[in-house]
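**Student:** One structure, as structure tokens, below. Some questions next.
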Amino acid sequence: MDDETLDALDHEAHVGRALELARQAAARGDDPYGSLLVRAADGERLMSARNAVATADDIRRHPELTLAYRAAREFSPAQRAGLVMYTSTEPCPMCAGGIASAELGAVVHSVPAETGAEVYGREGFVRSAAVYDGLDCDVRVVGPVSPAAGEAVHREHRANRREE
């Protein structure tokens, strides 16, 4: 995917939608993660997903992995190379691996991995770009986009969990 095509997209609007999906996931009892796939050529939103790890009792139900799986089944390799995944938080290593396997063109995230680790009190984190580099694939990474808004979603969720 070329820089001009990727730069022409409305990153803030699409990340905003990913954050809405993250809030919806949290409202139904999951951790706040949301993602959508956008066709870079025209900015059309093709599909979206919310985290469902808790509600589906399935550790694979991260929205990024769900969308990577669907994209691999529903689009040709050439079409997938023209897709951008917008996500509320930088993909974890499992999801980054799925994105790489699906050969998506780019990922745009709000909250960087290190901020997510800090919010939830985790010691370590792995940047998604390190996964893509290690797999020698060509997934472009853009972010953080609207990081304060994304971090607020996670901090609110963490505070609500403490009150329960």
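Only the coordinates and a few stated rules stand behind these numbers; no lab work does. Predicted, not measured: the structure shown is a model, and the values here were computed from it. Please note: Cβ atoms are built from the backbone with ideal geometry, for glycine as well, and neighbour counts cover all protein chains shown.
**Student:** Write down the radius of gyration of region 55-100 and its Dmax, each obtained from C-alpha positions, in Å.
**Tutor:** Rg then Dmax for region 55-100, in Å: 10.9, 34.
**Student:** Kindly provide the Kirkwood hydrodynamic radius of region 39-164 in Å, to one decimal, from all pairs of distinct alpha carbon atoms.
**Tutor:** So the Kirkwood estimate lands at 15.1 Å.
**Student:** Quote the Stokes-Einstein diffusion coefficient, in whole µm² s⁻¹, for region 10-109, based on the Kirkwood radius over alpha carbon pairs, a temperature of 25 °C and a viscosity of 0.890 mPa s.
**Tutor:** The diffusion coefficient I find is 189 µm²/s.
**Student:** Once you put a point 7 Å from the Cα of ALA56 and another 7 Å from the Cα of SER76, both along the Cβ direction, what distance in nm separates them?
**Tutor:** About 2.8 nm separates the two model spin labels.
**Student:** Would you please name the GluC sites (Glu not before Pro) within region 57-135 that are DSSP coil residues with at most 15 other C-beta atoms within 10 Å of their C-beta?
**Tutor:** Filter output for region 57-135: GLU123.
**Student:** Work the Kirkwood hydrodynamic radius out for region 1-67: mean of 1/r over every pair of different alpha-carbon atoms, inverted, in Å.
**Tutor:** For region 1-67, inverting the mean 1/r across all distinct Cα pairs yields 12.5 Å.
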